[in-house]
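Asks: Sharing a structure with you now.
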Amino acid sequence: MKLIVTSLLAALLAVSAVSSFAAGEAAPAAHDAAAAPAKVAKPDLVKGGASFAAVCASCHGADGNSGTPVNPKLAQQHPEYLVKQLQEFKSGKRKNPIMQGFASALSDDDMKNIAYWVTANKAKAGFAKDKELVTLGERIYRGGVQDRQIAACAGCHSPSGAGIPSQYPRLSGQHADYTAVQLPAFRDGGRKNSQPMSQVAAKLSDREIRALADYIAGLR
Ligand code: HEC
Ligand code: HEC
């Protein structure tokens, strides 16, 4: 009798473990419930928003839509990309004296809290300015340059510039002045934190970079 009760209990427990898994709660750590909270902790959006308001908003805008063209918009950017950049500013893998200072003051949790807070804000659309350049930008963005083996940007960043979450950052609506600094930095070795982007940028001329930056600003 005791044996039956025990195995019944085990079966019930197994069922409830499966069903809570199916409900999508804390799936990876069913056996490890005590250890789980620290590891898979949800980002603390309240903390993230407070840190952003205190430290970052003055340059990146109250909701992450920077109003200053040399400071990138962060709103709606994929959180994994934001965390990667913050970690690399901190370690010096992506070099920028201003951001190295701010990123160095952040813990891994701070970075995650801020990234998940800012990604939830909608990005403000931008506008392209130069009619002639924008046609060139669009052509390269969508089709690349076949005879110089420049890959189409859309292939990774998607036709709308929304990117692909966790793999390729969002570009659409970004300030042209910011993009026009990043592409030459990838090309000339000032920004060395992405092998694929260094390769893509290697063969772009200054004019093509201006065209792409302008097109991306108006992309939606
Ligand atoms: C004094 C102005 C200033 C402040 C304050 C500031 N930033 Fe920045 N941030 C910049 C500039 C300028 C860049 C572009 C750096 C570059 O050219 O590589 C940048 C870049 C970034 C990027 C990379 C974006 C991308 O698209 O690759 C992230 C992420 C970022 N900042 C997050 C933050 C966070 C989080 C804070 C607050 C803890 C913060 N910044 C505070 C000026 C600032
Ligand atoms: C093979 C895939 C791939 C292709 C093709 C590609 N990119 Fe990227 N791009 C990336 C990745 C990956 C990153 C993120 C780099 C990082 O982690 O720092 C990136 C980052 C960028 C950034 C930096 C965004 C920011 O907020 O700082 C810009 C700008 C950019 N790409 C523009 C372009 C343009 C313009 C083209 C076409 C000429 C292009 N990319 C083609 C993969 C690609």
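Computed from the coordinates by the stated procedures, all read-outs in this text should not be read as laboratory data. Model, not experiment: these values are computed from the prediction. Note: ideal-geometry Cβ built from the backbone for every residue, glycine included; neighbour counts use all protein chains shown.
Asks: Just tell me which lysines come within less than 21 Å, Cα to Cα, of Lys124; anything on the same chain fewer than 8 places away is out.
Replies: Straight-distance partners of Lys124: Lys73.
Asks: Per 0.36 nm of contour for each residue apart, how much would the distance between Asp130 and Val70 grow if the chain were fully extended, relative to their Cα-Cα spacing?
Replies: Extending this stretch completely gives an extra 19.8 nm.
Asks: Next question. For region 175-212 and region 104-139, what is the separation of their C-alpha centers, rounded to whole Å?
Replies: Computed from Cα coordinates, the inter-centre distance equals 16 Å.
Asks: Could you check the spin-label model distance between Val46 and Ser158? Points 7 Å from the Cα along Cα→Cβ, value in nm.
Replies: Label-label distance for Val46 and Ser158, simple model: 3.2 nm.
Asks: Right, another one. Is there a quick way to get the dipole size of region 131-217? I mean about its Cα centre, with the Cβ of Lys and Arg at +1 and of Asp and Glu at -1; what is the value in debye to the nearest 20?
Replies: 160 debye
Asks: Give me the compactness ratio for region 131-217, meaning the Cα radius of gyration over 2.2 N^0.38 Å.
Replies: 0.97
Asks: Under 1.5 on a/c is rounded, so check that first for region 101-173, then, if it is not, pick prolate when a/b is larger than b/c and oblate when it is not; a ≥ b ≥ c are the square roots of the alpha carbon gyration tensor eigenvalues.
Replies: prolate
Asks: Please give every one of the lysines within straight-line cross-link reach of Lys192, meaning a C-alpha to C-alpha distance under 19 Å, and leave out same-chain neighbours fewer than 8 residues apart.
Replies: Straight-distance partners of Lys192: Lys84, Lys90, Lys93, Lys95, Lys203.
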